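What follows is a set of notes on a single structure, which appears directly below.
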Amino acid sequence: MVRRPVAWIVAVVLFAEALGIAALNWFMGVVVDRQNMSLAGMDPDVMSTSSKIGGILFGLYFALCALVALLVALRDRAPAGLGRVLLISAAVVHGLLGAFAWGLLRWPQFLFMVVVLALIVLLLMTYDAQERPVRRPQDAKGDGGGDPASPPPAPVTPPTAPTTP
């Protein structure tokens, strides 16, 4: 039974995005190589190779983030440690890419980036909200669940020190 499908959705979207980013950068590298383009005197082979390597690395980054989301979905637990850091960094990257997409490409690409950002934040927040324990304040009568014969809890601040005149 799938209790929270958001982790599955994030995993699928990030895997698709990883493949799309890698394929797009590979394609751009091939185009630069075949047209023998140059930018400010840079070697076209260096530009082509760096585009391909950057696409592969960026695709692997998104695939690793998708793997974390998949593990969250399989375990039905909040991400911790490096996995949480990866998902937060992916959210930041999507926010930045959304800003660049709005400025360069307009609203459809911006909307995609914002939807992915919202899914990642939703993934982080839904699992985070469940992990926190609910704490009830004790009322003045002392029937907050503790033993009535037990002494009151220690004060939060220590008593003031006596002063000498």
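The values are calculated or read from the model by the stated rules, or taken from the named source; none is laboratory data. Since the structure is predicted, the reported quantities are computational estimates derived from the model, not experimental observations. Note: ideal-geometry Cβ built from the backbone for every residue, glycine included; neighbour counts use all protein chains shown. Each accessible area value is taken on the protein alone, full model and side chains, heavy atoms only, with ligands, DNA and RNA left out. Shrake-Rupley method; radii C 1.70, N 1.55, O 1.52, S 1.80 Å.
Overview of values
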read-out	value
Any hit, segment 27-37, residues being open to solvent by 50 Å² or more (accessible area, probe 1.4 Å) and not in a helix (DSSP H, G or I)	yes
Any hit, segment 78-100, residues being more than 18 Å from the chain's Cα centre (by Cα) and open to solvent by 80 Å² or more (accessible area, probe 1.4 Å)	yes
Lone qualifier among 47, 1 - being touching a helix residue (DSSP H, G or I) at 6+ places or on another chain (Cβ under 7 Å) and at pLDDT below 95	47
Single residue of segment 68-77 satisfying the filter (part of a helix (DSSP H, G or I) and in contact (Cβ under 8 Å) with a residue 40 or more places away in the chain) that is surrounded by the most Cβ atoms within 10 Å (Cβ to Cβ)	69
